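> Submitted below is the structure of interest, expressed as structure tokens.
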Amino acid sequence: MDETVRDYENARQGDSAAYARLTSALRPEILRFLRDVSGPDVCRHEGPQDLVQRVFKVLQTRMERLPHCHERKGVLRIFRLQARREIANTLMRLERTPRGPSALPPEPATPTRSRGTVTRADDKRKLEEVLAAMKPEYAAVLRCCVLEEMTRAQAAAALGISEENVKKRLARARGELRALTKNWRREENGDAPEGTGTGE
């Protein structure tokens, strides 16, 4: 068995020394990955070294709930998924923080709506506004499966829940999302949201 896999499995059983060896072995690859995928806004706000520390700290609290891995690439995939989550969390904090004059301007909104995976800046911002109004567990599963394009198995590992729970939460989250966006569109058009009739 690969030493990384052995340390990962031992760390899942609560072996802190194994986790320390695991993070030491993976640090160069996760750090390189974070440098490659972090955009300028993330790097301006938080350096890759700080991000990798957050990745390791968060995963350490979830080790016993993470899936078994039989190959090094599987272990690396789990750490990369958490790295993407930390980048997404940083971007969310930046969206809620007023931008100063030295900050980079936001990506211009596009006149046409995107189809399928959310990729355009205006759609992402709109989705984040809606997610902020949702139940946290529903927002979290949508971020994983829609914004971060994770599979159900990957989302389950990242959230520390079963795939069946991911499936159920995703279905409920989509229902709530449809209701929220429907009201949002009605408000945009100057109509009263559903459930707030005038009584006439």
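The values are calculated or read from the model by the stated rules, or taken from the named source; none is laboratory data. These numbers were taken from a predicted model, which means no experiment stands behind them. Note: ideal-geometry Cβ built from the backbone for every residue, glycine included; neighbour counts use all protein chains shown.
> Of all residues in the range 39-86, count the ones that are β-branched (Val, Ile, Thr) and loosely packed, with under 13 Cβ neighbours inside 10 Å.
Summing the residues that are β-branched (Val, Ile, Thr) and loosely packed, with under 13 Cβ neighbours inside 10 Å in the range 39-86 gives 1.
> Here is a further query. Take the range 151-171 and flag every residue that is farther than 12 Å from Ala140 by Cα and either at pLDDT below 60 or not polar (S, T, N, Q) (or both).
Arg152, Ala153, Ala157, Glu163, Glu164, Lys167, Lys168, Ala171
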